[in-house]
Each structure stands twice: as structure tokens, then as C-alpha cells.
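The values are calculated or read from the model by the stated rules, or taken from the named source; none is laboratory data. In this text, all values refer to a predicted model and were calculated from it rather than measured experimentally. Glycine gets a Cβ as well: all are built from the backbone with ideal geometry, and neighbour counts include every protein chain shown. Ligands, DNA and RNA are excluded from the accessible area calculation, which covers all protein heavy atoms including side chains. Shrake-Rupley method; radii C 1.70, N 1.55, O 1.52, S 1.80 Å.
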There are 2 protein chains.
Amino acid sequence: MDGPNPMRVILVVGCTQTGMLDGLSAAGNAPELLQHTPAADAEIVEYGRPICAPVTPVSPTGCPTPAVITRAVREMIDFDLLVVDAGLAADTAAPTLALGGRPGTDIREPIAVPNASALFKRARSLGRAQPDDAITIGESIPGGTTTALGVMTALGEPYGVSSSLPTNPVERKRNVVAMGLERSNIGPGDTAPDPLAAIRLMGDPVIAVVSGIVVGARETGARVTLAGGTQMLAVAAVIRHLGRTDELALATTRYVHEDETVDLESSAASLGLCLSVTDPGFERTDHQGLSAYHRGVGKEGVGMGGALRLATRNGVTMADVRDRTVTCYERLIDDQGP
Amino acid sequence: MDGPNPMRVILVVGCTQTGMLDGLSAAGNAPELLQHTPAADAEIVEYGRPICAPVTPVSPTGCPTPAVITRAVREMIDFDLLVVDAGLAADTAAPTLALGGRPGTDIREPIAVPNASALFKRARSLGRAQPDDAITIGESIPGGTTTALGVMTALGEPYGVSSSLPTNPVERKRNVVAMGLERSNIGPGDTAPDPLAAIRLMGDPVIAVVSGIVVGARETGARVTLAGGTQMLAVAAVIRHLGRTDELALATTRYVHEDETVDLESSAASLGLCLSVTDPGFERTDHQGLSAYHRGVGKEGVGMGGALRLATRNGVTMADVRDRTVTCYERLIDDQGP
């Protein structure tokens, strides 16, 4: 290594009451366990398996959390990991940097993230302090696409959102967002000049923290890759509404790209994002759990798209990624026992 | 990598009021800044420099914190790092696993670590949960050799303690410990059957947490290397007084080994520790800051001895370690500016 840290992935984790609503997320196979998903995701990327979190996040169809793919890449290229706790609802045994955040409420309440501005500010300081020339930033928060839709609607941005479920419950999300706007006493686009208010009323702590880190890192001149799908579009929208024209990359997966409920290319273009799409080719495995990605389950999250991009840039083939992902997945399943 | 994590260094950090007493420690050049030293040490090993902690820990003679050597090794062999917060008094921007500890009091108070048993218990669970076949565990806590002496005296163990100062203020330490015993209403050896009481009355939160992690990790069969000097002798004494006969290695530096105030070989032997001593040979550099180690400043800490052992085992020469350490040191000094 020449500099102190050539590759760092920042994973921002948190929870909301919104994410506990039925039918919004594939991140966990039982609503009462959903709040452990980001804690388990952090442990999987850090240690290779959940070591304290009482769940192995898989969708109802057995599709593993994208944390498994991010972990597989980490085992091959050994990037540094910084987990930032934006507001977890459950303990994690992964080392985290806590920013004083708490789980978000249900966005159908008047206020979704009471301390959104303070969180953004602390995250911006953290972003400024990062020593790296380049960062890749991902997220894990159940129900995150719904709060992303909330923020984008409050900002008056037209972008659709993807889903970790094969059939996007987009009407349900829109209904939740519509109720949230009403209870927050705003209409679509009303907070366009004040994106932190959009997060406070309709967002989640992860969007607040990712946005802050990105702004701070850009202030030092670091290159920033937003690793994810439509939640990262919401982050980009926040940053543009702050009046910032920074160069930003969006690294996501083919599975989001193919999702017909979101026009990723035009959304990325109009937000001024340099889009890169990776295809891990899980349909080429005969692995039941992973091939679910090809059927539209999971799709993205936990920095998966960004990790795959780092893999490619470091000469790792997608065939190698698939092999290692199967190894990582089997380790998880073995741990679960019979 | 074959398994999930072949090399992990666990760094346990904390503070005590004992460590703020004048003249006990070289860990920082001003008493009011001492409490930031473990926070800065964690940032140096994680990021290569302090990124938020407002200090660059150097001794009054300009000798850098051993964190610089541990960092240098990390840049060469890229071990995984887990920082455990046993009770920091100042924020760190390094990601940490917090165990609900608080800074210890002044051991001249009746109680030094009120929640020593709870801390030990949580640390033991963490040690049990670690997925690694082998762990190396180090510490950073100002004044840690004084609290180590406190614990060993309470246990009735005769071992001496080293110092980060070239002239060990051993009489001052003994006086502090004697006052502590009196205020805790015990005599030497009185807590021999109850080592957690020894920590509670006369120790620090780092000893509680390191001891717990070691016991938990050994319960899973993991190999454990205690990385450090006399503070790790105190940990070993605690573990033996718990009635455990586990195989344990102690990896430290030549600078502790040469310290005449402690007979490291016989201490290690009587505690049943497999001793390994590394010599980074800093006298061969003409580097003012590093050659201070050869004059007995710093000596050990922040996992230095364990990191050097990992380096050797991974084919890295001490000449390479010296070169990289100079690079890391210059980076710190450049950051400080004129």
C-alpha cells in the first residue's frame, strides 16, 4: 500500500419503524427479526457470519442478504471496512462508529428523524476527516426504499424506487408516503429548498448520515462512489438540493438496472451521477439461494454494487466472485444447523 | 483466505482517573491530553493517523506511540482490526465495539471499576463469539502499568511492572497502589480467590475486558496471544486466579524484556505463558523519534509486540518494519504541521 488506506468501504446501518411495516422489505423473513438485519449484515461483512445477531438474513424464498456478496469480495480484495451506526435498533458485534443517531420513526408520524440536521452535521465532519482518496459507501436499513421514496417525494423528485422483493409493492409504498406527507403537513416538493427537512419529515437516519459523509468527503476532494440502488438516488437528490454539483459515481447491480419500476439510467443522468452497473451472473450458478437474485429478489444493498465494482477494478472475475459467494453462503447455512 | 478471518488483532482501549495522575505514563505529553491517547491510538491503527482525536501521542522526548509500529505492520500484512471500547473518556473516530464500560476511577478510591464483573461477562461472550482460530490482543490505556500493579498486588502476585518512561517511577506506582489498597480496605493478596474483585477494587476496565475476551476465546478453542508487557502479565494472573490453565502466548518487545524492573522470563514462566520477544532494532535507524525506544521510552503497547510477531510469521523482515514505521511516523509529523 502506498497511502494509508487505498480501499475503504463505508457501510451505514440503521433502522426505522417504517421498516417494520408488513410487506415493504425482503430484508429478513419475519417482521420481528427485521430490526436485526442491519446488525447481522454488518457482522457478516466484518466476520463472515453473524456472530451475535440472532438472525441469518434471508428472504422468504431463501435468497441471502447482499452482505454475503460484499463479504465474498472482501475476502478476495481485503478492503477496509468502516461501519457507521446511524441508528440501529439492535446490538451488533461489528465494531461501529456511532454518530448519536436513533432508529427513525414510522414516516406516517409527523417527524421521521428528529435529529436529522445534527446527524448530517456529524456525518459531514466524519466525511471530512476520512483520510482516503476514494470511498465507496453503502447502506443497510430495512424498508429503506420506502423512506427513500418519502424523501424524493418531499423533494419533488420524480424517480421511482426499486424493491428487495421480486414484485415491488410500490402502491403500498406510495400509500405510506402519502400518509406521511399528510401527517407531516406537506405536499410533494414542499421541502425542495430544504433537503434536511425532507429527511427529518419523511426520511431515515441512514440517508441523513450517507448524505453527510458524502458532502464531507467531497469537501476534501475524495472521490465518492454511492454503492446501491434507489436509496442512493435519494442521497444524490439530497446532495443536489443542497446546491452541490460534485462529481459522484453510482455503482449498482444489474438486478436494479433491470427493475422496470425504476428508470435507473435516466434517473442517474438527471442527477448527474456516473453510473456503473455490475452483473455477478448468479443465473450461471445452479445455486438455489443465489439464483433468486436473477428472479429479482434482493437485487442490491449492503454496498453490493460498489463491492463488485471494486472487485472488477482489482482484477477479480465475476466467476471468482460467484465461487466465493457460494463458499460464504454455505458457511452461513452450516452455522444455522439442521 | 481460507477461513473467514485468518488474522485479527483485537485492541482494547480505555481510560482511568489513575492514568491522569502526574508522572505515571509517557502516553502523551500533557496530562490533560492523556485521555485522548487511546482514542488517537485506535485512529492511528485504523486510519494511519489521528483523524478526529486532537492529539498525536508522543512522549515528552518525541518518541511516538507504539500505535505507529502496529500500524506499520498492518500496512504490510493487512490484519483485521477490532477495537473494543472498554471505557474511553474521549471520542474516537475509529469504529469500536462498546461493551458498556466507563472510564475507571482513581484506584485510590474505594472502587476502581464498579461494573468489572459485568464487563468481564460481556467480554467473555464477545470472546466466545469471535470466529477466528487465533487472536492477538493488545491494549491502550494511560497509566495501565499502575493499575496492573494494583491488580497483581491485590492478587498477591509478586511480579514487577514495566513503564513507558525510561526511568520507571516504580516507587510512585507502589505508593498509589498502597493508598488504593488502604482505601479499598484490603491487604496484598486478599482478593487472590476472587480476581474480578481485584479488578473491581484495584484495576481498570481494560484488564476486565481483555481477561473476559481471552477466557471466552479459549472456551471456543482459539489460540490466544497476549500482545504486550506487564499489563498482560496482570491479565494472565487474573486468568490463572480464575482457575484456568489455558495455553496462552505472551508476545512482547525486547524493550520490555530488557527492562530491569521486571523479570519477564520468570514471570511469564511462572504464569505458564509461552513467551516470544521481538526486536524491531530501532537503534539501527538514525531516526530520532524511533531510536528513543532503544533508550527505553515507549517500550510496548497498542499490540506492538504481537503485531511484530505477526509480521515475522508472515515473512516480513524487521528492516521492512523499520522502513514502514518511519513512513508512518513522518505522515503523523507532517499532519501536525510546522
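The same position B:PRO110 in the other copies lies at 4.9 nm from this copy, comparing label points 7 Å beyond Cα toward the beta-carbon, shortest first. Between B:ILE10 and B:LEU82, B:THR136, B:ILE137, B:GLY138, the built amide H atoms are under 5 Å apart, and every one of these is 5 or more places off in sequence or on another chain. Here the 3J(HN,Hα) profile of region B:271-282, calculated from phi with Karplus coefficients 6.51, -1.76 and 1.60 at θ = phi - 60°, is 8, x, 9, 8, 8, 10, 10, 10, 10, x, x, 5 Hz, Gly and Pro shown as x. FRET efficiency for B:ILE77 and A:GLU258, Cβ-Cβ distance as r, R0 = 45 Å, nearest 0.05? For R0 = 45 Å, the calculated efficiency reads 0.65.
A cut-off under 11 angstrom between Cβ atoms defines the neighbours of A:THR18, and their net charge, with Lys, Arg +1 and Asp, Glu -1, is -1. Once a ≥ b ≥ c are taken as the square roots of the eigenvalues of the Cα gyration tensor of region B:8-330, is the result rounded (a/c under 1.5), prolate (a/b larger than b/c) or oblate (a/b not larger than b/c)? Note, shape of region B:8-330 comes out rounded. Could you compute the net charge surrounding B:ALA148? Neighbours are other residues with a C-beta less than 14 Å from the C-beta of B:ALA148; K and R count +1, D and E count -1. In short, -2. Interface between chains A and B: roughly 2400 Å² of accessible area buried, both sides summed (probe 1.4 Å, protein heavy atoms only). Return the whole-Å distance between the Cα centroid of region A:82-105 and the Cα centroid of region B:214-259. Computed from Cα coordinates, the inter-centre distance equals 32 Å. Springs join every pair of Cα atoms under 10 Å in this Gaussian network model of chain B, and among B:ASP85, B:ASP22, B:ASP41 the largest mean-square fluctuation is at B:ASP22. As a fraction of the 1.4 Å probe accessible area of the protein assembly as shown, surface on carbon and sulfur atoms comes out at 48 percent.
At a probe radius of 1.4 angstrom, the accessible area of region A:8-331 per residue rounds to 32 square angstrom.
Within the shell defined by Cβ-Cβ distances under 11 Å, the residues around B:THR56 carry a net charge of -2, with Lys and Arg each +1 and Asp and Glu each -1. Taking the charge dipole of region A:261-338 about its Cα centre, with +1 at Lys and Arg Cβ atoms and -1 at Asp and Glu Cβ atoms, the residue from A:THR312, A:VAL302, A:THR325 reaching farthest to the positive side is A:THR312.
Listed values for region A:299-312 are Karplus-derived 3J(HN,Hα) couplings in whole Hz (6.51 cos²θ - 1.76 cosθ + 1.60, θ = phi - 60°), namely 6, 5, x, 6, x, 3, x, x, 5, 4, 5, 4, 4, 4, and x replaces Gly and Pro. Along region A:84-95 the Karplus relation, 6.51 cos²θ - 1.76 cosθ + 1.60 evaluated at θ = phi - 60°, assigns HN-Hα couplings of 10, 8, 8, x, 6, 9, 9, 5, 10, 8, 6, x Hz to successive residues, with x for each Gly and Pro.
The charge dipole of the protein assembly as shown, taken about its Cα centre with unit charges on the Cβ atoms of Lys, Arg (+1), Asp and Glu (-1) only, comes to about 580 debye.
Closest approach to the axis carrying A onto B, counted by Cβ on chain A and given in whole Å with its residue, is A:PRO95, 2.
In this structure the amide hydrogen of A:LEU250, modeled in the peptide plane, comes within under 5 Å of the amide hydrogens of A:LEU226, A:CYS274, A:LEU275, A:SER276, none closer than 5 places in sequence on its chain. Shape analysis of region B:104-157 based on the Cα gyration tensor places the equivalent ellipsoid semi-axes at 25, 14, 11 Å, largest first.
Based on DSSP loop calls and a cut-off of at most 12 other Cβ atoms within 10 Å, the longest stretch of chain A free of exposed GluC sites (Glu not before Pro) is what?
Details: sites that count: A:GLU247, A:GLU260.
Between the exposed loop sites, the longest stretch runs A:1-246.
Among beta bridges identified by DSSP and lying wholly in region B:8-330, the antiparallel ones come to about 5 percent.
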